[in-house]
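Chemist: Can you read through this structure? Questions will come right after.
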Amino acid sequence: MNTEMYAIADVAGDQVVLETGKKVAVPKLDIEAGKKFMVDSVLYLRTGDTVKIGNPTVKDIQIETVVVEQKRLPKVIVFKKKRRKGYKVKKGHRQPYTLLEVKGIQTTKKAKSKTKTAIKTAEPEAAEKE
């Protein structure tokens, strides 16, 4: 991790380290190449010396990624054999995955409501009049 800002997020069941400009392979997502994908489940965020740890996720943080391509890993051969029985099975499997490129980390702050503070200040005034 060469940069000062990175995050650990849960993408399709895998925990991956996301940095701006980095390409990451994750399990297959049903999104076309070139489309944007927002990662909401950020587990850990580091910005310089500031660290935020989620419980279970960090609130108000999204990571913008773009799907680069859909590919498959190299073939894995599975060979089964039972000696002296004439039983042999040979199978191959290629696991599909999605390649994501991280564009940036965004915060989505929501406006805080001031109704609670207004209610608290109104109560002592009513008590003083009585």
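Chemist: Search the range 66-77 for residues that are under 10 Å from Leu100 (Cβ atoms) and free of Cβ contacts under 8 Å to residues at least 60 places away in the same chain and pair each with any residue that is among the β-branched types (Val, Ile, Thr) and surrounded by 11 or more Cβ atoms within 10 Å (Cβ to Cβ) when their beta-carbon atoms are under 9 Å apart and the residues are at least 6 apart or on different chains.
Modeler: Going by the 9 Å Cβ cut-off, the qualifying pairs are Val66/Val102; Val67/Ile31; Val67/Thr98; Val68/Thr98; Glu69/Thr98.
Chemist: Anything in the range 25-60 that is of a type in the set (Gly, Ala, Ser), part of a loop (DSSP other than H, G, I, E, B) and surrounded by 13 or more Cβ atoms within 10 Å (Cβ to Cβ)? List them, or say none. Can you show your working first?
Modeler: Pass one, the range 25-60, residues of a type in the set (Gly, Ala, Ser): 25, 33-34, 41, 48, 54.
Then keep just the ones that are part of a loop (DSSP other than H, G, I, E, B); that gives 33-34, 41, 48, 54.
Once the filter is applied, which keeps residues that are of a type in the set (Gly, Ala, Ser), part of a loop (DSSP other than H, G, I, E, B) and surrounded by 13 or more Cβ atoms within 10 Å (Cβ to Cβ), the range 25-60 yields Ser41, Gly54.
Chemist: Restricting to the range 17-62, and then to whatever is in contact with a Lys or Arg (Cβ under 6 Å, 6 or more places away or on another chain) and under 17 Å from Tyr6 (Cβ atoms), can you tell me which residue is modelled with the lowest pLDDT? Quick ask: steps written out before the conclusion?
Modeler: Restricting attention to the range 17-62, the residues satisfying the condition of being in contact with a Lys or Arg (Cβ under 6 Å, 6 or more places away or on another chain) are 45, 58, 60.
If we keep only those that are under 17 Å from Tyr6 (Cβ atoms) too, we end up with 45, 58.
Working: Leu45: 92, Val58: 89.
Per the stated criteria, the residue is Val58.
Chemist: Could you list, in sequence order, all residues of the range 71-90 that are surrounded by 10 or more Cβ atoms within 10 Å (Cβ to Cβ) and out of contact with any Lys or Arg (no Cβ under 7 Å at 6 or more places or on another chain)?
Modeler: Lys71, Val76
The values are calculated or read from the model by the stated rules, or taken from the named source; none is laboratory data. Just so we're clear, the structure is a prediction, and the values are computed from it rather than from any experiment. Note that we place each Cβ from the backbone using ideal geometry, even for glycine, and neighbour counts take in every protein chain shown.
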